[in-house]
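K.L.:
Dropping a structure here in structure tokens format, bear with me for questions.
The values are calculated or read from the model by the stated rules, or taken from the named source; none is laboratory data. All values derive from a computational prediction rather than experimental measurement. Cβ placement follows ideal geometry from the backbone for every residue including glycine, while neighbour counts extend to all protein chains displayed.
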Amino acid sequence: MKLEGIHHITAITADAPQNVRFYAGTLGLRLVKKSVNQDDPTIYHLFYADEKGDAGSDITFFEYPGAGRGRHGDGMIHQINWRVGSPTALDFWEERLGKHGVAIARSGDRIRFEDPEGLGHELAIVDVPDEPLRARHPEIPEEHALQGFDGVRAYASDPAASAGLLGSTLNFTEDAPSSWSARGELRGSFYTYDEAPVEPGIQGGGSVHHVAWATPMDEHEAWRGRVAAAGMAVTPVIDRYYFKSIYFREPSGVLFEIATLGPGFDVDEPLEHLGESLALPPNYEHLRAELEKELTPLPDPRAEALRR
């Protein structure tokens, strides 16, 4: 069995409206699901992705209003890497990010920047056979749009401790010391460790909560069995309605999820209307009236761009 690269990445925000303006506005992703944290339904869970909500492009956020700013440390993902298609696309993003007041650092075929809460991102020209996963935004030409995840970078004080799990259990390929990749039939992503800073990490706004790896639905139970046999404390299979999940913390400290490729975000909304209204799994539907009164109204950067 092989994992199909990254399924999604989940982070934390203290400010959902600002978060929407950055990810659905500045970066041009599509808000494909406006839902709630299924472990704490009083807070938002926002999903941004390509136009179809495909795994491999899906960055999600839990909103904890007023949370302090996080700090990346040992056992935490500190950078998300995205693919773009050409040097011209990098030129476009250098100009666009600058116009939106985002500080960047460009080096050759790469651009680095942070979101408003300090979460690190990198755009890079990557030659892979994977399908480009693009969103459509009125201000961003299709050929310049983000094309999905390339990988993530995490801090680890002892990356060798994770080698057995990554290689023998999860069937990652070791590409270089402290750098691995997961590649299936359709997609692949890298997972790289960097030397951990001295200061300990703090979970908060702008920090990554977990990274999820993708699997076909018919292999999910088998993956749970492999992870359990390796001695990891793995959860039972949890039905998240849009996909099924298991969770465990890999030896270097990063929280891993293995999530299924399906049923998908269009199970309760038509594809053309994804993310337009509050979507609740059936077992939370009875809370709709209360939640719609309590949750913060969100902007619609796409609609605003079309009106300009």
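K.L.:
Mind checking which residues of region 247-301 are of a type in the set (Gly, Ala, Ser) and assigned to a strand (DSSP E or B)?
P.N.:
Result: 259, 262.
K.L.:
What tally of residues in region 210-226 results from selecting those that are in contact (Cβ under 8 Å) with a residue 60 or more places away in the chain and over 14 Å from residue 182 (Cβ atoms)?
P.N.:
2
K.L.:
Here are 207, 189: which of them is surrounded by 22 or more Cβ atoms within 10 Å (Cβ to Cβ), under 23 Å from residue 63 (Cβ atoms) and of a type outside the set (Val, Ile, Thr)?
P.N.:
Criteria check complete, one pass: 207.
K.L.:
Is there a residue in region 81-92 that is of a type in the set (Gly, Ala, Ser) and modelled with pLDDT under 95?
P.N.:
no
K.L.:
Looking at region 86-114, which of its residues are surrounded by 15 or more Cβ atoms within 10 Å (Cβ to Cβ), out of contact with any strand residue (DSSP E or B) (no Cβ under 7 Å at 6 or more places or on another chain) and either among the aromatic types (Phe, Trp, Tyr) or in a loop (DSSP other than H, G, I, E, B) (or both)?
P.N.:
Selection gives 92 alone.
K.L.:
What pairs come out if I take residues in region 130-142 that are closer than 10 Å to residue 28 by Cα and pair them with residues that are of a type in the set (Asp, Glu) and assigned to a loop (DSSP other than H, G, I, E, B) whose C-beta lies under 8 Å away, six or more apart or interchain?
P.N.:
Correct list of pairs: 134/50; 134/51; 135/50; 135/51; 136/51.
K.L.:
So, in region 18-50, how many residues would count as being touching a residue at least 60 places away in the same chain (Cβ under 8 Å), over 19 Å from residue 150 (Cβ atoms) and part of a loop (DSSP other than H, G, I, E, B)?
P.N.:
Total satisfying the criteria: 1.
K.L.:
Evaluate the following for residue 241: is it modelled with pLDDT of 95 or more, crowded, with 17+ Cβ neighbours inside 10 Å, farther than 30 Å from residue 73 by Cα and of a type in the set (Ser, Thr, Tyr)?
P.N.:
Considered against the rule, which asks whether it is modelled with pLDDT of 95 or more, crowded, with 17+ Cβ neighbours inside 10 Å, farther than 30 Å from residue 73 by Cα and of a type in the set (Ser, Thr, Tyr), residue 241 comes out as yes.
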